[in-house]
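Shown next, in structure tokens, is the structure this report addresses.
The values are calculated or read from the model by the stated rules, or taken from the named source; none is laboratory data. The structure presented is a predicted model; accordingly, all values stated were derived computationally and were not measured. Cβ placement follows ideal geometry from the backbone for every residue including glycine, while neighbour counts extend to all protein chains displayed. Ligands, DNA and RNA are stripped out before the accessible areas are found, and what is left, the full protein with its side chains, is counted by its heavy atoms. Shrake-Rupley method; radii C 1.70, N 1.55, O 1.52, S 1.80 Å.
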Amino acid sequence: MGDHALARLESLARPFRHRYLHHDELTAQLQAWAEAFPHLVRLQSLGESAEGRPLWLLTLGPDPDRARPSAWIDGNMHASELAGSSVALAMAEDVLRAHLAPQASLHGLSPAVLERIRGLRVYVLPRMSPDGAELFLRTGQYVRSNPRDHRPGRPRTRWVLQDVDGDGLVLSMRVRDPQGDHVESREVPGLMVPRELEDEGPFYRVYPEGIVEGFDGDVIPDPAMLSDNETDLNRNFPWSWRPEPHQDGAGAFPTSEPESRAVVGFLVKHPEIFALLNLHTFGGCFIRPLADAPDNRMDAQDLALFRQIEAWGEELTGYPMVSGYEEFLYKPDKPLHGSFSDYAYFERGCVAYVTELWDLFAQIGLPRRKPFIQHYSHFTREDYVRLARWDAQHNAGRAFRPWRTVAHPQLGTVEVGGVDPRVGLVNPSLEALPGVCLGHSAMFLRVMALAPALKLDTRVVEKGEARVVELTVANEGYLPTYILASSRELPFNEPLQVRVESHGVELLSAPTWTQPVGHLEGWGRGRHGAFVVPFHQRSRGNSTRKTLRWTVKGRGTLHIVVGSCRVGTVETRVELG
């Protein structure tokens, strides 16, 4: 390993840091890693999408079947949010780099941190919605998650998106209408902006490119996010799930979709997953718990931990971290239901959060708004103009297309074109993509290094004809073995236990070789969660370790295994000669 291994890794790289990959290209990248580094990479499919595409999952790290603290990364849950796949692949490549060249520098991480990362198991699901992503990449057609709709009672009148002008893209249409709510910008020809009182026209209505199903020749329905695709995967997970109409995009029932069902099934089988990153676009922020209550109702230790992660995020990416409840609700006091990261935090006890990649608002010089959700609604005509000029100067004009007059089968004369959201709007410009990959990998590798880390020390003390075997179990990691204070009571969050297999050694004092250890604290405190003024520096007690003892006689071997389903196991042997 070393320089040769790094050169091999570089030679296998597809351009995921420089453009957005189609499914076949993404598959080829994953297969190349698995074939080149079978000792570090396992490639499997969690299942298939409705159109038969595998849901590829990478397992990174030696001995993939050995349970140990594990991290999860996923991207492209929403079809249009392609940058999640690129960042997930970049993180996978960096984890491989940490294994293949242990002495090489990586994101300024210390050797101790890199060693901790090498001790983990890392799961990467780069594309949770392969069908939708492929359609969006090919045509620009908006799809929330996957292009399917099995609703038995679909609305009679609705928009169905499709290519009207035959150019292979599905963008927007504008129709002249004296009651229209849009007008063409005076500063940027072709740019549509919201109509204001002083405008003189001509005025337009702006619709998605497509047709109206059930059109009666008169009524044109409002376009809807889920008009012709049924389920938003990020509303289909079991935590706090609510059916429609209480939650748009909820699906028929929790995990009704093959993608969400496969992911939940995997997480349930792997309680050792302690950190989970759910990659989205766009916005330029991190969204953390709580999702359903303000911070004054959040566990104080959890909040301190997320403050530490927030500090890394600000330093390495420039993104703020916001409370899902306090700053990212679409409607005040109306929490979102069925989201993946909330399921992972509340029900699986993970250090889980969402990244909204691509700080588009910062690119065009908008100030930080609070609550953060206002960035998506407080967008002025002047901001539209800034965006169009930024696109022309920094995005090769990829986002704004000219209008072309065509005959629509239902609406008569329309113009087709407008915004192409694929590159520069919903996702980073190709010029910015490498930096996005770099900063977010540097951040999450630090989060991964928070893992609990068990270490065993043994000592044998002579006691007459008998001997006392002492075992000290210590947690040298940042996090406790129960991971989050709020998750300690979850049924699978088992405390540590020690099991001893005796070969030729007789137990004298203890009733059994098996003994409970309990949970062990970590050394980490988070940020601003404790009284740490310089004149009153105090450490906690020694709850990071526990010592157990057995009085034995005879000659032989003791095989000692310590662990739990939450953190996996470590083991050692004691030879008694």
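Computed values, structure above
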{"quantity": "Selected residue [part of a strand (DSSP E or B), on the phi < 0 side of the Ramachandran plot and at pLDDT 95 or above] from 557, 481", "calculated": "557"}
{"quantity": "Filtered residues of the stretch 521-545 (kept if closer than 21 Å to residue 482 by Cα and open to solvent by less than 80 Å² (accessible area, probe 1.4 Å))", "calculated": "521, 522, 524, 526, 529, 530, 541, 543, 544"}
{"quantity": "Failed criterion for residue 103 (all others in (1) in a helix (DSSP H, G or I); (2) of a type outside the set (Asp, Glu); (3) surrounded by fewer than 22 Cβ atoms within 10 Å (Cβ to Cβ) hold)", "calculated": "(1)"}
{"quantity": "Residue in the stretch 130-139 that is closer than 30 Å to residue 482 by Cα and crowded, with 19+ Cβ neighbours inside 10 Å present", "calculated": "no"}
{"quantity": "Any hit, the stretch 10-20, residues being open to solvent by less than 40 Å² (accessible area, probe 1.4 Å) and not in a loop (DSSP other than H, G, I, E, B)", "calculated": "no"}
{"quantity": "Residues within the stretch 398-450 that are surrounded by fewer than 21 Cβ atoms within 10 Å (Cβ to Cβ), over 26 Å from residue 362 (Cα atoms) and among the small types (Gly, Ala, Ser), tallied", "calculated": "2"}
{"quantity": "Residues located in the stretch 326-374, provided they are assigned to a loop (DSSP other than H, G, I, E, B) and among the acidic types (Asp, Glu)", "calculated": "333, 347, 359"}
{"quantity": "From the options 104, 79, residue that is at pLDDT below 95, touching a helix residue (DSSP H, G or I) at 6+ places or on another chain (Cβ under 9 Å) and of a type in the set (A, V, I, L, M, F, W, C)", "calculated": "104"}
{"quantity": "Residue 91 being assigned to a helix (DSSP H, G or I) and either touching a residue at least 40 places away in the same chain (Cβ under 8 Å) or open to solvent by less than 50 Å² (accessible area, probe 1.4 Å) (or both)", "calculated": "yes"}
{"quantity": "Odd one out for residue 150 among (1) in a loop (DSSP other than H, G, I, E, B); (2) buried (at least 16 other Cβ atoms within 10 Å of the Cβ)", "calculated": "(2)"}
{"quantity": "Of all residues making up the stretch 357-373, the number that are open to solvent by 20 Å² or more (accessible area, probe 1.4 Å), in contact with a strand residue (DSSP E or B) (Cβ under 9 Å, 6 or more places away or on another chain) and within 27 Å of residue 448 (Cβ to Cβ)", "calculated": "1"}
{"quantity": "Unmet criterion (only one of (1) open to solvent by 50 Å² or more (accessible area, probe 1.4 Å); (2) in contact with a helix residue (DSSP H, G or I) (Cβ under 6 Å, 6 or more places away or on another chain)) for residue 219", "calculated": "(2)"}
{"quantity": "Search result, residues across the stretch 35-52 that are within 18 Å of residue 74 (Cα to Cα) and either in a helix (DSSP H, G or I) or not acidic (Asp, Glu) (or both)", "calculated": "41, 42, 43, 44, 45, 46, 47, 49"}
{"quantity": "Neighbours by Cβ (under 9 Å, 6+ apart or cross-chain): first from the stretch 469-485, touching a residue at least 40 places away in the same chain (Cβ under 8 Å); second open to solvent by less than 10 Å² (accessible area, probe 1.4 Å) and among the charged types (D, E, K, R)", "calculated": "481/566; 482/566; 483/566; 484/302; 485/302"}
{"quantity": "Filter pass, residue 323 being at pLDDT 95 or above, under 30 Å from residue 434 (Cα atoms), crowded, with 24+ Cβ neighbours inside 10 Å and among the small types (Gly, Ala, Ser)", "calculated": "no"}
{"quantity": "Per-region count, the stretch 28-45, residues closer than 28 Å to residue 140 by Cα and crowded, with 18+ Cβ neighbours inside 10 Å", "calculated": "2"}
{"quantity": "Subset tally (residues that are touching a Ser or Thr at 6+ places or on another chain (Cβ under 6 Å) and either without any contact (Cβ under 8 Å) to a residue 40 or more places away in the chain or part of a strand (DSSP E or B) (or both)) for the stretch 442-457", "calculated": "2"}
{"quantity": "Where a residue in the stretch 174-197 is touching a residue at least 24 places away in the same chain (Cβ under 8 Å) and its partner, wherever it lies, is crowded, with 17+ Cβ neighbours inside 10 Å and in a loop (DSSP other than H, G, I, E, B), with Cβ under 8 Å and at least six apart", "calculated": "185/191"}
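Conditions (1) modelled with pLDDT of 95 or more; (2) under 20 Å from the mean Cα position of the chain (by Cα); (3) assigned to a helix (DSSP H, G or I); (4) farther than 26 Å from residue 208 by Cα, marked per residue:
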residue: 385; (1), (2), (3), (4): yes, no, yes, no
residue: 407; (1), (2), (3), (4): yes, no, no, no
residue: 418; (1), (2), (3), (4): yes, no, no, no
residue: 429; (1), (2), (3), (4): yes, no, no, no
residue: 440; (1), (2), (3), (4): yes, yes, yes, yes
residue: 469; (1), (2), (3), (4): yes, no, no, yes
